[in-house]
Amino acid sequence: MNVQRLIEKYKKLEGVWDAEGAELARQIFLQDLEQLDEPEKVQIPQFVAEFIEFKKKNNFHVYGAMRTIEDHYDKKVPGWFYEGNIEKFCLAWIFGYEVEKEKRYLVKFKGFNPSYIILKYHPYDKTWFLGREQEYNFFRQHHTRKELEEAGFGWVFDCLGIEIEEVTD
């Protein structure tokens, strides 16, 4: 929380508290003050989080990690870094971060029998299959791009016979 947001919050509360609410107000105020020194965590992709954790585990400092970023085997890391994310990388290193939720997709095959239009994955059998548009706890029908590409289904994003819906889980 930053100072300006705290000031705005308490300006809105002017005249709201009576004598009985004063202790509650004091407690809320103290909780907010404790948060003032806590910087907000930045959001970074999972692959950057993995890079940071690996470097920290191997006793790198932030400058050392930044110097070796171009040598990383996954070219997405330097690509992300040099796309205007150098400061975000440093903030994540120093203050911590939250991993961005990966987009998930529902893959539908156009023109198929409605009982067999949704691409699904069975995690126990590790098999892919087509099914109807019903969700079951034991099958997954929302997939990340990475999951689809690793399974050889990356082509669905470019195929005219496929309908891709971005979903929120």
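Ranked from largest, the principal axis spans of the Cα set of the chain equal 68, 48, 30 Å.
Over the chain, dividing the summed -39,500 (n - 2.57) contributions of all DSSP H runs of at least 4 residues by the number of residues returns a 222 nm mean residue ellipticity of -11000 deg cm²/dmol. Taking the 0 to 90 degree range and rounding to the nearest ten, how far is the long axis of helix 46-57 tilted relative to the main principal axis of the chain, both from C-alpha atoms? For 46-57 against the chain, the angle is about 60 degrees. Put a plus charge on the Cβ of each Lys and Arg, a minus charge on the Cβ of each Asp and Glu, and nothing anywhere else: the dipole of the chain about its Cα centre is then about 540 debye. I need the calculated FRET efficiency for the pair I86 and N113, taking r as the beta carbon distance and R₀ as 41 Å, to the nearest 0.05. The formula returns an efficiency of 0.20 here.
Would you list the P(r) distribution for segment 27-114, with all Cα-Cα distances sorted into 5 Å bins from 0 and each bin expressed as a whole %? All Cα pairs considered, the percentages come to 3, 12, 19, 18, 12, 8, 8, 8, 5, 4, 2, 1, 0. Helix 86-95 and the longest principal axis of the C-alpha atoms of the chain enclose an angle of approximately 60°.
Dividing the C-alpha radius of gyration of segment 95-163 by 2.2 N^0.38 Å, with N its residue count, gives 1.23. Spatial offset of segment 131-153 relative to segment 85-114 amounts to 16 Å, using the alpha carbon center of each.
Laboratory data are not the source of any read-out in this text; all were calculated from the coordinates shown. All figures in this text were calculated on a predicted structure; none of them were measured in a lab. Positions of Cβ are generated from backbone atoms using ideal geometry, with glycine treated the same way; all protein chains shown enter the neighbour counts.
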